[in-house]
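Report on the following structure.
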Amino acid sequence: MYRALICIFILAGCSDHQRYSISEVSVGPDYYLTALKAINSEIRDKPKDVLLRKKRLFINQKLRWPEEADDDLNFIISNAGLDQEVYLYGQDYFRTHHLYEKMLDYVAHWEELNGFSGDNLQWRVIALSGLGREREAQNHLWDLIQVSKEDPEKLTFAARTYLKMEDTTRALYAFSNLSRADSDHPSVLHAYVPLLLEHNQFEEAGKVLERLQINVDDAEGQMLAAKTLYELGRSEQAHSRLRVLKSLEVYYQRAIWYKQDNQWDSATYYLDLVIQQDSSSRALLAKAEIFENQGYLNQSYALSSLVFEKDSTNSLAEEMARNVGRKIAYLRSLREREKRIPILDISSKKETENE
């Protein structure tokens with residue numbers, strides 16, 4: 001069995017990932033665990049075989065580095081030099097095990113051999129961030145954007161890293177470059193547009209969406225487009241975007257929009273569709289608020305009280321029931337007061353004189 005597995009790897013070749021036919025096959029971790037045992041056995045017999053050492057790095061990486069790889073990396077570099085394949089193995093290994101100083105040493109060694117490369121800025125950012133050297137990481141990250149304005153993956157990395165650093169302004173800048181480089185990149189729709197909406201940049205979100213081709217079956221994409229249209233005041237187009245979608249989230253969103261536009265009947269209709277399948281507190285409270293706005297205070301009180309009875313930690317339900325209860329009590333007291341006011345029988349002057 002071991003020999004058969006080794007034959008598969010040997011036939012696959014060794015120069016790069018693309019020449020490993022196994023990398024094209026979908027297999028489970030047990031397969032690679034067996035392969036790792038096999039390659040370990042082979043290396044014990046041939047400890048100076050560079051090809052086998054590279055293959056072990058390949059298998060080790062597939063398993064997300066359960067074994068130390070330092071010996072293999074050092075052996076290969078000492079005997080065959082540092083090529084790009086081994087360099088990438090090393091950086092992935094160091095990153096997985098948070099060996100950030102070694103990542104920086106690897107970058108320095110690679111650039112001693114090959115000169116400066118913008119590709120290494122990403123490794124520097126990862127390592128410096130891991131070491132807590134945020135200012136240096138930010139400087140390299142900015143440089144990375146400037147040399148990678150046509151590289152969608154590096155721009156995505158930069159934007160997401162800025163978000164982790166809580167630097168929204170530069171994250172938006174990186175995403176805007178990504179949108180220009182590849183308007184249909186998944187991160188444009190699913191990360192950039194939501195960020196624009198979150199920061200009330202609706203006009204820009206609308207421009208970005210105009211350049212996108214959103215699949216009609218992409219529910220998340222259609223929802224983001226609809227939210228943008230609604231915020232731009234194009235409510236009919238927003239509802240039209242969602243009309244073909246039949247999820248509870250879509251029903252709830254449309255109900256909220258109708259409620260905000262004081263279209264009570266339509267809002268109630270969609271909330272009822274939600275409640276029929278999932279009587280969640282948010283739908284019940286939204287309906288209770290509609291009842292309150294329409295003046296149906298008893299119905300509003302009943303619904304908000306029901307939610308609070310089901311979950312006594314729901315402070316929104318408690319506050320709503322209390323406020324609506326106060327309104328009911330106030331109106332009741334007004335009616336009671338009206339009943340106590342005596343009716344004055346003011347006769348006309350003529351009638352009084354006749355008496």
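Axis angle, to the nearest 10 degrees, between helix 281-294 and the longest C-alpha principal axis of the chain: 30 degrees. Once both labels are positioned 7 Å from their Cα atoms along Cα-to-Cβ, the gap between Q213 and K310 label points is 4.4 nm. Computed over protein heavy atoms with a 1.4 angstrom probe, the accessible surface ordering of L113, L88, L36, largest first, is L113, L88, L36. Taking all Cα pairs closer than 8 Å and separated by 6 or more residues, the relative contact order of the chain comes to 5 percent. For the range 64-167, which whole percent of the accessible surface, found with a 1.4 angstrom probe, sits on carbon and sulfur atoms? Carbon and sulfur atoms account for 46 percent of the accessible area of the range 64-167. Per residue, the chain exposes an accessible area of 58 Å² to a 1.4 Å probe, with every protein chain left in place.
With a Förster radius of 25 Å applied to the beta-carbon distance between R180 and D119, the computed FRET efficiency rounds to 0.75.
If I stretch the segment between F75 and E166 completely, what's the gain in nm (0.36 nm per residue apart, minus their alpha carbon distance), one decimal?
Additional length available on full extension: 28.7 nm.
Between (i) 209; (ii) 246; (iii) 162, which matches volume of the Cα convex hull per residue in Å³ calculated for the structure shown? Computed from these coordinates, volume of the Cα convex hull per residue in Å³ corresponds to label (ii). Axis of helix 134-147 versus longest Cα principal axis of the chain: the two differ by about 80°, to the nearest ten degrees.
What FRET efficiency would be calculated for the residue pair E336, D278, taking the C-beta separation as r and a Förster radius of 35 Å, to the nearest 0.05? Between E336 and D278 the formula returns 0.30. Projected label points at D45 and Y269, each 7 Å from Cα along the beta carbon direction, are separated by 7.6 nanometres.
The values are calculated or read from the model by the stated rules, or taken from the named source; none is laboratory data. Note that the structure is a prediction, hence the values are computed from the model and not measured. Positions of Cβ are backbone-derived with ideal geometry, glycine not excepted, and every protein chain shown enters the neighbour counts. Remember, those area values only see protein heavy atoms, side chains included, never the ligands or the DNA or RNA. Shrake-Rupley method; radii C 1.70, N 1.55, O 1.52, S 1.80 Å.
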